Amino acid sequence: MEQVTEFIHLILDSSSVWVIFAVVFVGLFLFLWLIKHITFFYLRRLSNKSRFSLDTIILDSVSRPVTLIIVAASLSLSELVLIKIAEDVSSLETTFTVVSKLAIVFAIIIFTDQFSRKSLNRYSNSSPMLRSSGNLVKGTVRVVIYLIGVLIVLSNIGISITPIVASLGIGSLAVALALQPTLENFFSGIQMLADKPIRVGDFIELDSGEQGFVDKIGWRSTWIKMLPNNTVIMPNSVLAQSKIINYYYPEKQLSVPVDVGVHYDSDLEHVERVSLEVAREILKTHKWGIKDYDTFVVFHTFDNSSINFTVMLRAQEYFNRFFIKSEFIKALHKRFAEEGIVIPYPIQAINLTQEGSASAFSAKDVEK
């Protein structure tokens, strides 16, 4: 036993501490790494049989962090072995401790980042907020995670973060003043994300007259794809202060009013009955009509040459209204012709029999 101890001290005296440390570290790392792979193999098999997705997300997120934790554990165990066989390793002990702590901190940061991103990707299809502004949410969460992580790392390596936080406060004021338009657009995007006046895929109309589908809500601007297949890029700050008509909120279905005029001599009860029959038939047979919608007719104007009324239809979404309206007008025109209902031309007629006009003209003829 004494010979073994003398041999070890001889190796240490010949500056072979790093060789022993490397052998112990590599051996421990390979052993723990093998255990990790075996454990993850069986956990993934169980996860594939599970109906839940959270376990898969956790396994995918924890794989790299566990490797860093294995590095930290190998360093700590190698340090204990080195303390047993070496006489003075206080300087190395401090270094190993700091490196182990940093590895654990980085493991936590990476796990948090991976878990948040994978969770957001997983639930983006079921969440309207994530569907409309997923990139904005992911970017904001990632910046916050890494900012907190950097402060923790600096604290662990012995750098006081209090002056840094104070400097960041002063520097942030200067940056905020310099980047005021950019920050205004960014926080306007956050505001729209929280308030949700528009979502990706919604068809909207701006107060400036542009219409289109919301294609993307980004950090600085919102992209609106118009019907001619061009794109309007609106700064978030301008969009947040604009009056917006969202044709897809609270639902895609919308009413389609159709204005019609008939002759003054028409039987309005008959006109209403015929118009309702045609409207109900169109809503039932057209592929974009709402079959169970209770359509109605409202007479509202004595116009110059006609009595005007409105027939209310309903379409599945904004673009369908044009086709339903077109089919209804064609069907109603044909049915009015069959029923003898007249849609008058916009004409002006001289009525000689109303309000004594005929007698007035007769008096003038006598004078002549």
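The values are calculated or read from the model by the stated rules, or taken from the named source; none is laboratory data. Since we're looking at a predicted model, the values are computed, not measured. Glycine also receives a Cβ, built like all others from the backbone with ideal geometry; neighbour counts cover every protein chain displayed. All accessible areas refer to the heavy atoms of the entire protein, side chains included, with ligands and DNA or RNA removed. Shrake-Rupley method; radii C 1.70, N 1.55, O 1.52, S 1.80 Å.
Could you tell me whether any residue of segment 142-159 is open to solvent by 80 Å² or more (accessible area, probe 1.4 Å), in contact with a Ser or Thr (Cβ under 6 Å, 6 or more places away or on another chain) and either at pLDDT below 75 or closer than 30 Å to Lys225 by Cβ (or both)? No, segment 142-159 has no match at all. Filtered by the rule that a residue be more than 24 Å from Arg142 (Cβ to Cβ) and surrounded by 15 or more Cβ atoms within 10 Å (Cβ to Cβ), segment 216-238 gives Ile224, Lys225, Val232, Met234, Val238.
Looking at Glu281, Glu277, Glu269, which one is open to solvent by 90 Å² or more (accessible area, probe 1.4 Å), within 18 Å of Leu332 (Cα to Cα) and either in contact with a helix residue (DSSP H, G or I) (Cβ under 8 Å, 6 or more places away or on another chain) or part of a loop (DSSP other than H, G, I, E, B) (or both)?
Exactly one of Glu281, Glu277, Glu269 is open to solvent by 90 Å² or more (accessible area, probe 1.4 Å), within 18 Å of Leu332 (Cα to Cα) and either in contact with a helix residue (DSSP H, G or I) (Cβ under 8 Å, 6 or more places away or on another chain) or part of a loop (DSSP other than H, G, I, E, B) (or both), namely Glu281.
All conditions in (1) closer than 30 Å to Ala194 by Cβ; (2) free of Cβ contacts under 8 Å to residues at least 12 places away in the same chain hold for Tyr248, with the sole exception of (2). Of the residues making up segment 316-324, none is closer than 25 Å to Glu205 by Cβ, open to solvent by 20 Å² or more (accessible area, probe 1.4 Å) and over 31 Å from the mean Cα position of the chain (by Cα).
Considering (1) at pLDDT 75 or above; (2) within 30 Å of Gly218 (Cβ to Cβ), the lone condition that Asn135 does not fulfil carries the number (1).
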